[in-house]
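S.K.: Quick one: the structure is below, questions incoming.
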C-alpha cells in the first residue's frame, strides 16, 4: 500500500494518512479471523501495489472510488523496481468517511456504551480507522472484481466493519476495570 496525500508545511493530510496506516498495520490484524478470511481470495488477487489517494472530500460526495487507470505519475508506468507487480489505485475522501454513519443503529448503540472520556476518544478513533479499512477493502474488491454487484461488495465491507467494531467493543468490556475507568456507562 502506498498512501498519497497532500502536505502543506505540516498541515496537510498527514494525520489521515497515519490513521489509514494504523488501520492497515494494526486494526486489520486485530479484526476477528472470520472477518479477515472473508477477504482472503480477494486480497490474493489484488494488485501487488495499491496506491491510496487521500482526499478531504470528493466532488461527487462518495466515500471512495477505484480508478480504472492509475493517475499517480510515479506508478502510472511500469518500472523495473516494481518487478512486474500490478498497480491499482483508489481515492478515499477521509472527511466524508469520518462523518459517515456506516450502520446508524448499530453505531449509535455501541457509541452509547461510552460516556465522554478517554474510552470514548479511543472508541471513536477505532471506529474511524475501521470505517477507513472497510472502504479500503470495498475499493480493493472493486479493483479485483469490477463486475461484482455493488450490493454484494457493500454487504461484505459493512459486515467486516460491523463485526470488527463489535469485537473491539466486546474486548473493551472484557478488559474494563470499574475502579479505574468510569467512562463506561453500562454493560452489554
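S.K.: Tell me, which helices (runs of 4 or more DSSP H) wholly within the stretch 99-188 include 1 or more residues that are over 20 Å from residue 20 (Cα atoms), out of contact with any strand residue (DSSP E or B) (no Cβ under 7 Å at 6 or more places or on another chain) and at pLDDT 90 or above?
M.R.: 118-144, 150-174
S.K.: Take residue 79 and decide whether it is modelled with pLDDT of 70 or more and surrounded by 11 or more Cβ atoms within 10 Å (Cβ to Cβ).
M.R.: The answer is no for residue 79.
S.K.: Those residues that are out of contact with any strand residue (DSSP E or B) (no Cβ under 6 Å at 6 or more places or on another chain) and crowded, with 19+ Cβ neighbours inside 10 Å, I need them from the stretch 36-53; list them, please.
M.R.: Passing the criteria: only 39.
S.K.: Search the stretch 90-106 for residues that are on the phi > 0 side of the Ramachandran plot and surrounded by 14 or more Cβ atoms within 10 Å (Cβ to Cβ) and pair each with any residue that is modelled with pLDDT of 85 or more and in a helix (DSSP H, G or I) when their beta-carbon atoms are under 6 Å apart and the residues are at least 6 apart or on different chains.
M.R.: Close Cβ pairs satisfying both conditions: none exist.
The values are calculated or read from the model by the stated rules, or taken from the named source; none is laboratory data. Computed from a prediction, not measured in an experiment: that's the story for all the values here. Neighbour counts are summed over all protein chains in view; Cβ atoms, including those assigned to glycine, are modelled from backbone coordinates with ideal geometry.
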